[in-house]
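Enquirer: Here it is, the structure, as structure tokens.
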Amino acid sequence: MVTAPKQSDEAALVLFSGGQDSATCLAWALARFGRVETLGFDYGQRHAVELDCRAALRSGLAVLDPLWDSRLGPDHTLPLQALHAISDTALTRDAEIMMNENGLPNTFVPGRNLLFLTFAGALAARRGIRHIVTGVCETDYSGYPDCRDDTIKALQVALNLGMESRYVLHTPLMWRDKAETWALAEKLGGLPAVELINRESHTCYLGDRGTLHDWGYGCGTCPACQLRKTGWETYMAKKAPNA
């Protein structure tokens, strides 16, 4: 049974990659806003298979609740191949995942979230949307500086100044770890939402969709898989006493 949080007749645009976090954010937005559109980016990412997961997640969430179905609006995909061309990272090249000398993981794509949110603002202006939802998180901190709360707050100010708008950037996962993100999905859409996101979303940096684990598909060894695995196991452990 879907929870009924405070709702708004306004529209929202969800940055929707096809991953666990963005799928949970989509459920969060569908529970709150009168119309919800989604936006994905094709930037030549190594795990581009995530884009193929988006349709099943959208349709799967829509059937969980008739209200969500009525609220789900169009999906948009924007090509950002220039980001791939100027990036030299383990997410845009066939490279071993490791830490850089500057202390950041080489899976960090410089400017990625800044560009994503800027393009989201431009699309939102055309679509008449004020609310923009993104799944960035500072709790399970990957070392990505463009996921920090301060970064998002600063970007909201810049977008509003530069576009003469009143955008609100929502980050429902900012202070939640992966276990709490699974719990939020359950709170929003029940166990069917958890099962859908577990099976249909994609996290693995290497793009592995051939190996199914308890926590979903992935190689099981990359940092993204390890984070998702740990979060799932913690979530399930917290549920065990109530089973």
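The values are calculated or read from the model by the stated rules, or taken from the named source; none is laboratory data. These numbers come from a predicted model, not from an experiment. Every residue, glycine as well, gets a Cβ built from its backbone with ideal geometry; the counts of neighbours run over all protein chains shown.
Enquirer: Hey, can you tell me all the residues within segment 145-179 that are in contact with a His (Cβ under 7 Å, 6 or more places away or on another chain) and without any contact (Cβ under 8 Å) to a residue 60 or more places away in the chain?
Expert: Residue satisfying the conditions is Val168 alone.
Enquirer: Restricting attention to segment 153-173, which residues are touching a strand residue (DSSP E or B) at 6+ places or on another chain (Cβ under 6 Å) and either in a helix (DSSP H, G or I) or among the basic types (Lys, Arg) (or both)?
Expert: Selection gives Gln156 alone.
Enquirer: Let me ask another. Can you pull out every residue in segment 187-203 that is part of a helix (DSSP H, G or I) and touching a residue at least 12 places away in the same chain (Cβ under 8 Å)?
Expert: Selection gives Lys187, Leu188, Gly189, Gly190, Pro192, Ala193, Val194, Leu196, Ile197, Asn198, Arg199, Glu200.
Enquirer: Within segment 122-134, is there a residue that is charged (D, E, K, R) and under 16 Å from the mean Cα position of the chain (by Cα)?
Expert: No: zero hits.
Enquirer: Report, ordered by the first and then the second residue, all pairs with beta carbons closer than 7 Å, sequence separation of six or more or different chains, a first member in segment 23-44 that is over 18 Å from Gly189 (Cβ atoms) and touching a residue at least 24 places away in the same chain (Cβ under 8 Å), and a second member that is buried (at least 24 other Cβ atoms within 10 Å of the Cβ) and hydroxyl-bearing (Ser, Thr, Tyr).
Expert: Pairs that qualify, where the first residue is over 18 Å from Gly189 (Cβ atoms) and touching a residue at least 24 places away in the same chain (Cβ under 8 Å) and the partner is buried (at least 24 other Cβ atoms within 10 Å of the Cβ) and hydroxyl-bearing (Ser, Thr, Tyr), are Gly40/Ser17.
Enquirer: State which residue pairs qualify: first residue assigned to a loop (DSSP other than H, G, I, E, B) and inside segment 204-226, second residue among the basic types (Lys, Arg) and modelled with pLDDT under 95 in any location, beta carbons under 9 Å apart, and separation of 6 or more residues or different chains.
Expert: Close Cβ pairs satisfying both conditions: Tyr205/Arg46; Leu206/Arg46; Gly207/Arg46.
Enquirer: Look at segment 32-48 and say how many of its residues are part of a loop (DSSP other than H, G, I, E, B) and farther than 23 Å from Leu83 by Cα. Outline the logic, then answer.
Expert: To start, the set of residues in segment 32-48 that are part of a loop (DSSP other than H, G, I, E, B) comprises 32, 43-48.
The next check asks that each one be farther than 23 Å from Leu83 by Cα; those that pass are 32.
Number satisfying all stated conditions: 1.
Enquirer: Only residues that are among the basic types (Lys, Arg) and in contact with a Cys (Cβ under 9 Å, 6 or more places away or on another chain): list them for segment 197-219, please.
Expert: Applying the first criterion (among the basic types (Lys, Arg)) to segment 197-219 yields 199, 209.
Correct list: Arg209 only.
Enquirer: Is one or more of the residues making up segment 72-80 surrounded by fewer than 17 Cβ atoms within 10 Å (Cβ to Cβ), within 17 Å of the chain's Cα centre (by Cα) and within 24 Å of Leu227 (Cβ to Cβ)?
Expert: No, because not a single residue in segment 72-80 is surrounded by fewer than 17 Cβ atoms within 10 Å (Cβ to Cβ), within 17 Å of the chain's Cα centre (by Cα) and within 24 Å of Leu227 (Cβ to Cβ).
Enquirer: Across segment 205-227, which residue is nearest to Phe108 (Cα to Cα) among those that are within 16 Å of the chain's Cα centre (by Cα) and of a type in the set (A, V, I, L, M)?
Expert: Filtering segment 205-227 for residues that are within 16 Å of the chain's Cα centre (by Cα) and of a type in the set (A, V, I, L, M), the one nearest to Phe108 (Cα to Cα) comes out as Ala224.
Enquirer: Please give the helices (runs of 4 or more DSSP H) falling wholly within segment 57-152 in which 2 or more residues are farther than 24 Å from Asp177 by Cβ, in contact with a helix residue (DSSP H, G or I) (Cβ under 7 Å, 6 or more places away or on another chain) and at pLDDT 95 or above.
Expert: 66-71, 112-127
Enquirer: Now for a separate question. Are any of the residues in segment 61-76 in contact (Cβ under 8 Å) with a residue 40 or more places away in the chain and more than 28 Å from Asp9 (Cα to Cα)?
Expert: Going through segment 61-76, the residues in contact (Cβ under 8 Å) with a residue 40 or more places away in the chain turn out to be 61, 64-65, 67-68, 71-73, 75-76.
Next, only the ones that are more than 28 Å from Asp9 (Cα to Cα) stay: none.
No, because not a single residue in segment 61-76 is in contact (Cβ under 8 Å) with a residue 40 or more places away in the chain and more than 28 Å from Asp9 (Cα to Cα).
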